[in-house]
Amino acid sequence: MNISIEYYLILSAFMFVVGVAGVLTRRNAIIVFMSVELMLNSANLTLVSFSSFMGNSVGQLFVFFVMAVAAAEAAVGLAIIIAMFRNKLTLNIDEINILKW
Amino acid sequence: MIQLIYLTVLLPFAGFLFNGLLGSKIKNEKVIGIIGSSTIGISFLIAIGAFFQTLSLPAEQRQTIVNLFTWLSAGGLHINVAYQVDQLSLTMAMIVTGVGFIIHVYSIGYMHGDKGFWRFFSYLNLFIFAMMNLVLSDNFVLMFLGWEGVGLCSYLLIGFWYDRKFEKGTTSDAAKKAFIVNRIGDFGFLLGLFVIYLTFGSLNFNDVFNKAAALNIPTSTFNFIALFLFIGATGKSAQIPLYIWLPDAMAGPTPVSALIHAATMVTAGVYMVARCSIIYASAPTILSIVAVVGALTALFAATIGLVQNDIKKVLAYSTVSQLGYMFLALGVGAFSAGIFHVMTHAFFKALLFLGAGSIIHAMHDEQDIRNYGGLKKYMPITFLTFLAASLAISGIPPFAGFFSKDEIIWDSFKNGNFILWLIGAVTAMMTAFYIFRLVYLTFYGKERFGHDKHPHESPKVMSIPLVILGILSTIGGFIGIPALFAGEGGNQFENWLKPVFAPAQLKLISFNSYGSSLEVSFMLITLAGAVVAIWFARYLYLKNLSLAHSFSQKFKGLYNLLLNKYFVDEVYDAAIVTPLIVSSEKFLWKIADNKIIDGTVNGTANLINLISKGIRKIQTGVVQFYALVMVLGIVIALFWIILSF
Amino acid sequence: MGNNYLVSYVLFTPLIGAIILLFFGKNKDNIVRYFGLAVSVVTFVLSLFLYAGFDLSKGPFQFIQKFNWIENLHISYSVGIDGISLLLVLLTTFITPLALLSSWKSIDKKVKEFTFFMLLLEVGMIGVFVSLDLFLFYVFWEAMLIPMYFIIGIWGGEGRIYASVKFFLYTMFGSLLMLVAIVWLAVYASSSLGHFSTDLIELYSVGPTIKSNIQNWMFLAFAFSFAIKVPLFPLHTWLPDAHVQAPTAGSVILAGVLLKMGTYGLLRFCLPLFPQATLLFAPYISVLAIIGIIYGALVAMVQKDMKKLVAYSSVAHLGFVVLGIFALTQESMQGAVIQMINHGLSTGALFLLVGVLYERTHTREISYYGGIAKIVPVYVTFLLIASLSSIGLPGLNGFVGEFLILIGSFKSPVLNSWWFASVAASGVIFAAVYLLWMYQRVVFGEVRNQKLNELKDLNKRELLVLIPIFIFIVWIGVYPSTFLNVSKKSSNEVIEKVLPQNMIGMK
């Protein structure tokens, strides 16, 4: 039985929204990163589902790019978080507002 | 000699430079004094030479222009440094250099020992330079240079003893007052010049006066010109309302008062009005104003002079009063009478001042006449010459003042009206009174000074000038003997000046001619009045001094009013000076400039600051806030795109 | 015409000198001073060559040099002089060495940077006066702001930061409006000339053709910027602060030359480029000028600081110049030009003299002084002559300018009323009041402060600075024809560009 594309897209959108909510509302920096990864993966899902339904592999190829970028970004971002933690001894991003006016 | 007339201007300037630059190095007073005086002496000789040369020319061709170089040239304005040698300017030039020379010689004695000796002579020479420019110039602008120049020298010389106190302030206050009041007059003078240029397209005397006589220019224009120029004259020649600087000018050394504030600078206004006779003749309303102002000033100043106790103040108010007479003369169209009085007044007033200087010198700087008395036995030459001058100013024949003053008083009746004559006659009586009050209180009676004062006659260098002026005050009037007595030829002085004033006389309405017996009777009336006044002064101040005191007690209010010169200075101060300074400081500076204008500028900066303070609150530093804003932005953008489909 | 490159030589000599200066090592103050002085004197001598080669009988620009700069926009490096700019260039190159000489002892830290900025300033000033291309003019106009900002900000008095920032922002604000107008004008020109052009001589033919509502806005944009610089009431409030806080040399240059750039701009750009707008706005601007004359004098009268008094007197004096410009008669225009030079000399002298006292006592409060006449007689003589020149005593330079301006304004057909000149003439009274009052309080009377007895009179260096200025003060007063003849034809050119033919007969 073939599942129509809407279900995949809705799932993807749902994941994306959860990710956005996580970025905007969670206090812990690591959790924020996880949410960002969630958003990236939802985008991946959308790409793959379209690739499958269109019949060409462009979407799937692009997923590789996204995954590479996500990995790089996670590495750099975690390094920044570690540096910040060493300075401020907290992962609560509400408290890291040095660039305030 | 006429062609060398510019030397009379240049030599004093050279004297100024020499004494000014080298004077402090030359320790010898004689050298400084001789250089300073001889420049004027030589100028006098040149002026005399030019006079005789001019006399040899036929009467209609007695004007020569000596052109030096182009001074200002722009647009239609062409002003040269050029000198006009004619009857009027030569008369003034001879008076200025002649009396000036005498006073320079006197100053060698008077200023002996003063550490600013060289400065004094340097300034005096600069003054003669400016005054000669004034009287010899052939155009209004060079005249204005002289006009302002004498104001400058007056400032420098009044404030000569710059570290001395004078009345409620300092000598520099008096000097500043003189300069600024003069400047107010100069403002009027400038306006007059502007209208002249606008109307006639030139500021050269001949251009303007010839066009004024020939062309048909509306009277209102002439009225403006005459009025504005007259305002300048009231400043320079100390008439109402700008006379207030002259009494204060007595802060300067006495030779300065004699030269500048009696004989020469203050007569500049008279000279100017006389020179512009054609303009005044074309503006009869203003001419009558000149006469009225002159008469009123004469009366007003004489009343103040009646009660002053400082010898120089009496003479100062007397000068203001006599200047009023000169303007009265001009105002009734008797131009040569006015100039005649300038000449005789120069003689006797300079003599009075120099005599006063002699007394002040002898009495060790005491100037209050209540502390004099009985000086005639100590200072006979001073006494005799002072007496001659007093007789002259009172109008007793055959002294000089009789002829000039009488002519004015008669002309004010003949060409003017009865009231002007009355004012002139009453003032003449007062003049005789106050001057002889001065004479009696100073030279006669009990000695009222302390034993520390040892009055003595002045040295020759001071007393010989007194004698010369005394002789001039005695016989100087004869060249102006009225036609009545002179026989054929008539009034020599008037004839000499007649061609200069002829165009003006043509424009003036011809006046009633009275019989000569009326003239003689008026002469006798004024003479009688003067004699009565002298007798009254003698009675009050020689015989019955206590009566004078009781008069001043009985009329205390009036006495105080006169003694305090009608409180005019105080009124001016309260009405004009203080409000101006206070409003400039409190309002213009502190409020308008600092708070309002600068406030706007700083306010703009503050406004921007305020806005920035508001806007920067967006920079919270919290990353999630930025993310939220980004998300919201994307959502809005998406909605927009979707909705536009 | 002579050597076309001469103007560029005059313009760039100080720049080359400034760049060479940067290579000097530290702690070589005296060498730096001598070098800077030498460069500025060389510039002055070069400008004398300009004077020598100048043809007095021609009105239009001479010594023109044009070099294509930005080809596509037709912006060129175009310089040249006429009578008016020649006088101003000479004034600039004359005052700069004197200013440098006067700061020999008073500037003792960062001397190299100071000299560097002064030379750059000189380049900017000369550039403004010789530019014949609007864009180039704008570059130089802005370029002189930066050295001035530093000079005031580093070597100035206590309130120097406020003063320099205020000066910079205020002037720049006006200039930005001018930039808008320049671009607008150049774009407009592209429709009639066929190409975008900022060349002044080409624009002279375009400007008068612009429609009046647009022309009015352009005129106002230019005039606003120049009015700030002049300074015209009520845009003058930067001046007291800038003048007072600047070091003596800075004040001398500021008053001596920088203020003239505003009036020069009015004369060179506003009037010929926008003649109809000029005729429309002339009465209003003249009213502002006259208010400036009276207001400046009255506020000067009540100042307690000598330098501020002289600063406000500049507002008053330049009011006369603006009046002379907008009266648009030959007499008043000549008077305005010569008064620009006169003001530079006499106010420059006054600032130098105040600076002499300040160097010795470190105060400019009038109440501190009194009775210095006996202590420093040579100084007070110079002070008197400078004050009299500022008052406008005939025989000195101030009178020539003021008289010509007033008499020209009186008969001006553009202003068409006696009131302008009459009210302005009353300014001569007030000038005497504030200057003589200051002079009296400082010079006469009793010595109010024992320390004053130790005052030393003018030394040789100070005399060397003052005497040339005073020679000109007397020369211009006694024989102004030397200078009036230089600007005569050029002033007439400006008037002819503004007045329609029917009015020229009345000038």
- Item | Single residue of C:Gly398, C:Gly392 found to be touching a helix residue (DSSP H, G or I) at 6+ places or on another chain (Cβ under 8 Å), without any contact (Cβ under 8 Å) to a residue 40 or more places away in the chain, of a type in the set (Gly, Ala, Ser) and buried (at least 24 other Cβ atoms within 10 Å of the Cβ) | C:Gly392
- Item | Checking C:Pro208 against (1) surrounded by 24 or more Cβ atoms within 10 Å (Cβ to Cβ); (2) more than 14 Å from every other protein chain (Cβ to nearest Cβ), the condition it does not meet | (1)
- Query: Which one of the conditions (1) buried (at least 19 other Cβ atoms within 10 Å of the Cβ); (2) within 21 Å of B:Phe449 (Cα to Cα) does B:Gln367 fail to meet, given that it meets all the rest?
  - Reply: (1)
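Quick one: would you say B:Ile597 is surrounded by 12 or more Cβ atoms within 10 Å (Cβ to Cβ), within 25 Å of C:Leu298 (Cα to Cα) and within 9 Å of another protein chain (Cβ to nearest Cβ)?
Considered against the rule, which asks whether it is surrounded by 12 or more Cβ atoms within 10 Å (Cβ to Cβ), within 25 Å of C:Leu298 (Cα to Cα) and within 9 Å of another protein chain (Cβ to nearest Cβ), B:Ile597 comes out as yes.
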- Evaluate the following for C:Ile504: is it crowded, with 16+ Cβ neighbours inside 10 Å and either within 29 Å of B:Thr199 (Cβ to Cβ) or modelled with pLDDT under 85 (or both)? no
- Could you check, for segment C:342-352, whether at least one of its residues is assigned to a helix (DSSP H, G or I), within 14 Å of chain B (Cβ to nearest Cβ) and within 15 Å of the chain's Cα centre (by Cα)? yes
- Item | Candidates C:Val443, C:Val433 - the one that is within 13 Å of chain B (Cβ to nearest Cβ), in contact with a Leu (Cβ under 8 Å, 6 or more places away or on another chain) and within 28 Å of C:His362 (Cα to Cα) | C:Val443
- Identity of the residue in segment B:197-209, farther than 16 Å from B:Ala82 by Cβ and without any contact (Cβ under 8 Å) to a residue 60 or more places away in the chain, that ends up farthest from the other protein chains (Cβ to nearest Cβ): B:Phe200
- Task: Mind listing whichever residues of segment C:381-390 are out of contact with any Phe, Trp or Tyr (no Cβ under 9 Å at 6 or more places or on another chain) and either within 9 Å of another protein chain (Cβ to nearest Cβ) or more than 21 Å from C:Glu462 (Cα to Cα) (or both)?
- Result: C:Thr381, C:Leu388
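Only one of A:Ala29, A:Ala71 is within 14 Å of chain B (Cβ to nearest Cβ) and within 30 Å of B:Gly621 (Cα to Cα). Can you tell me which?
Just one listed residue meets the conditions, A:Ala29.
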- Answer yes or no as to whether C:Leu267 is more than 14 Å from every other protein chain (Cβ to nearest Cβ), under 21 Å from C:Gln339 (Cα atoms) and out of contact with any Leu (no Cβ under 9 Å at 6 or more places or on another chain). yes
- Members of segment C:406-425 found to be more than 9 Å from chain B (Cβ to nearest Cβ), among the small types (Gly, Ala, Ser) and either at positive phi or surrounded by 24 or more Cβ atoms within 10 Å (Cβ to Cβ) (or both), listed by number: C:Ser412, C:Ala424
- Task: Would you mind listing the helices (runs of 4 or more DSSP H) fully within segment C:88-194 where at least 2 residues are under 16 Å from the mean Cα position of the chain (by Cα) and over 30 Å from C:Phe49 (Cα atoms)?
- Result: C:160-193
- Message: Given (1) under 35 Å from the mean Cα position of the chain (by Cα); (2) over 30 Å from C:Phe167 (Cβ atoms); (3) surrounded by 11 or more Cβ atoms within 10 Å (Cβ to Cβ); (4) of a type in the set (S, T, N, Q), identify the lone condition not met by B:Asn544.
- Response: (1)
- Scan B:Ile618, B:Ile642, B:Ile611, B:Ile581 and give me the residue that is away from chain A (no Cβ under 14 Å), farther than 30 Å from B:Ser390 by Cβ and surrounded by fewer than 11 Cβ atoms within 10 Å (Cβ to Cβ). B:Ile642
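For B:Ser288, state whether it is assigned to a helix (DSSP H, G or I), touching a residue at least 12 places away in the same chain (Cβ under 8 Å), under 30 Å from B:Thr170 (Cβ atoms) and of a type in the set (S, T, N, Q). Can you show your working first?
On the way: assigned to a helix (DSSP H, G or I): yes; touching a residue at least 12 places away in the same chain (Cβ under 8 Å): yes; under 30 Å from B:Thr170 (Cβ atoms): no; of a type in the set (S, T, N, Q): yes.
No; evaluated as a whole, the condition is false for this residue.
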- Only one of (1) surrounded by fewer than 23 Cβ atoms within 10 Å (Cβ to Cβ); (2) touching a residue at least 60 places away in the same chain (Cβ under 8 Å); (3) under 16 Å from the mean Cα position of the chain (by Cα) fails for B:Val96. Which number is that? (1)
- Taking the stated definitions as given, is B:Leu88 within 30 Å of B:Ser257 (Cα to Cα), crowded, with 22+ Cβ neighbours inside 10 Å and touching a Ser or Thr at 6+ places or on another chain (Cβ under 8 Å)? no
- Select from segment C:363-415 the residues that are in a loop (DSSP other than H, G, I, E, B) and among the aliphatic types (A, V, I, L, M) and list them in ascending order. C:Ile372, C:Ala373, C:Ile375, C:Val376, C:Leu393, C:Val414, C:Leu415
- Within segment C:1-23, which residues are touching a helix residue (DSSP H, G or I) at 6+ places or on another chain (Cβ under 6 Å) and touching a residue at least 60 places away in the same chain (Cβ under 8 Å)? C:Val7, C:Val10, C:Leu11, C:Pro14, C:Leu15, C:Gly17, C:Ala18, C:Leu21
- Filtered residues of segment B:154-170 (kept if surrounded by 24 or more Cβ atoms within 10 Å (Cβ to Cβ) and in a helix (DSSP H, G or I)): B:Ser154, B:Tyr155, B:Leu157, B:Ile158
- Query: Wholly within segment C:207-255, which helices (runs of 4 or more DSSP H) include no fewer than the required count, namely at least 1 residues that are aromatic (Phe, Trp, Tyr)?
  - Reply: C:212-229, C:238-245
- Message: Please pick out the residue among B:Ile102, B:Ile48 that is of a type outside the set (Asp, Glu) and surrounded by fewer than 19 Cβ atoms within 10 Å (Cβ to Cβ).
- Response: B:Ile48
- Task: Name every residue in segment B:144-196 that is closer than 20 Å to B:Trp118 by Cβ and either in contact (Cβ under 8 Å) with a residue 60 or more places away in the chain or more than 7 Å from chain C (Cβ to nearest Cβ) (or both), in order of residue number.
- Result: B:Cys153, B:Ser154, B:Tyr155, B:Leu156, B:Leu157, B:Ile158, B:Gly159, B:Phe160, B:Trp161, B:Arg164, B:Thr171, B:Ala175
- Hey, does segment C:454-469 have a residue that's in contact (Cβ under 8 Å) with a residue 40 or more places away in the chain, assigned to a helix (DSSP H, G or I), crowded, with 22+ Cβ neighbours inside 10 Å and at the interface with chain B (Cβ under 10 Å from one of its Cβ atoms)? no
- Task: Write out, first by first residue and then by second, each pair whose Cβ atoms fall under 9 Å of each other, whose residues are 6+ apart or on separate chains, and whose first residue, in segment B:66-77, is closer than 13 Å to B:Asn204 by Cα and within 7 Å of chain C (Cβ to nearest Cβ) while the second is among the aromatic types (Phe, Trp, Tyr) and surrounded by fewer than 21 Cβ atoms within 10 Å (Cβ to Cβ).
- Result: B:Thr70/C:Tyr479
- From the options C:Val39, C:Val89, C:Val32, C:Val45, residue that is closer than 30 Å to C:Val183 by Cβ and at pLDDT 85 or above: C:Val89
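The values are calculated or read from the model by the stated rules, or taken from the named source; none is laboratory data. As the structure is a computational prediction, the values presented were derived from the model and not from experiment. All Cβ positions, glycine included, derive from the backbone under ideal geometry; neighbour counts span all protein chains shown.
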